[in-house]
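See below for the structure under consideration.
Any read-out appearing in this document is the output of simple, stated calculations on the displayed coordinates, not a laboratory observation. Computed from a prediction, not measured in an experiment: that's the story for all the values here. Neighbour counts are summed over all protein chains in view; Cβ atoms, including those assigned to glycine, are modelled from backbone coordinates with ideal geometry.
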Amino acid sequence: MSDYDTLMGLLMARHSCRGFLDQEVPADLIGQVVTAAGRAPSWCNAQPWQVIVTRGEETDRLREALMAAAGTRAEAPDVPGPEAYTGAHRDRRRTCGWQLYDAVGVEKGDRVGSAKQALENFNLFGAPHTAILTSGRELGAYGALDSGGFLMAFCLAAQALGLATVPQAAVAFHSDVVREVLGIPEDRLILCAITFGYEDSSHPANAFRTDRADLPEIMEIRG
């Protein structure tokens, strides 16, 4: 098997896990994931990323604070969210949402059911760990861009080691809560969470897979 085949295998197997087992990941395994992620490229080798990884009571403390804030505190992201979703972006987002609702048995128009499922973001999907990804505030958008490479490398390394992941923007929309709980300094932008652990393969939320755009939709060759 070629290196490309191995990489494609990891990419095809990786998915956003929304149901985890209550089983902690050994510290040395977490260290391997973060070490691999730290090999991501960055502008001028600035390596702007830092992660705060939670486990045990610290995960529970963060989970409880996020659940309490959801619906009661205004969103306060360090990095503004999208202005809108239109065209293909809107269609893909809707398709993903309905795939999830269908998998967990939420019917169209069931606002109570959809709200309950949305809260699972702040319950960290029952995972034992989350990694809060931050970047130096002074680096702005370019630090965030570089940190996207770290996020992808983290997810692939976790997959290679038998772990499941779900990147979460929802957690970062309550950056003030995350900052308070974990004592993150103001000079760090909170970008997202990468929640991880061992997948609960029996959980209905893990029963679907999203598709990807065909090559002509994402590449244009000129010349």
How much length is gained if the chain between SER2 and ALA76 is pulled fully straight, taking 0.36 nm per residue apart and subtracting their Cα-Cα distance, in nm to one decimal?
-> 22.1 nm
Sequence order, the range 68-81: Karplus ³J(HN,Hα) from phi using 6.51 cos²θ - 1.76 cosθ + 1.60, θ = phi - 60°, Hz rounded, Gly and Pro as x, gives 5, 7, 4, x, 10, 10, 5, 5, 9, x, 6, 10, x, x
Per-residue Cβ contact counts at 10 Å, fewest first, order TYR4, TYR142, TYR85 as TYR4, TYR85, TYR142
Find, among the GluC sites (Glu not before Pro) in the range 1-63, those assigned to loop by DSSP (not H, G, I, E, B) with at most 16 other beta-carbon atoms within 10 angstrom.
-> GLU24
Between THR210 and ALA169, the two model label points (7 Å from Cα along the beta-carbon direction) sit apart by a distance in nm of 0.9
Pick out which of PRO185, PRO41, PRO167 has the largest mean-square fluctuation in a Gaussian network model of the chain, springs linking Cα atoms closer than 10 Å.
-> PRO185
Distance in nm between label sites at ASP22 and LEU145, each 7 Å beyond Cα in the beta-carbon direction?
-> 4.5
Amide H to amide H under 5 Å from LEU191: which residues, 5+ apart in sequence or cross-chain, H placed 1.01 Å off N in plane?
-> LEU133, THR134, SER135
Computed helical MRE - 222 nm, the chain, DSSP H runs ≥ 4 contributing -39500 (n - 2.57), nearest 500 | -13500 deg cm²/dmol
Taking the range 73-179, which GluC sites (Glu not before Pro) meet the DSSP loop condition and have no more than 15 other C-beta atoms within 10 Å?
-> GLU75, GLU83, GLU107
Go through the range 55-63 residue by residue and turn each phi into a ³J(HN,Hα) via Karplus (6.51, -1.76, 1.60, θ = phi - 60°); whole Hz please, and just put x for glycine and proline.
-> 8, x, 4, 5, 4, 5, 5, 5, 4
Subtracting the Cα-Cα distance of ARG137 and ALA88 from 0.36 nm times their residue separation yields 14.5 nm
What nm value, rounded to one decimal, do you get for the distance between ASP60 and GLU180 when each label is placed 7 Å out toward the C-beta?
-> 2.1
Under the Karplus curve 6.51 cos²θ - 1.76 cosθ + 1.60, θ = phi - 60°, whole-Hz ³J(HN,Hα) for the range 109-116, x wherever Gly or Pro sits | x, 7, 5, 5, x, 5, 5, 5
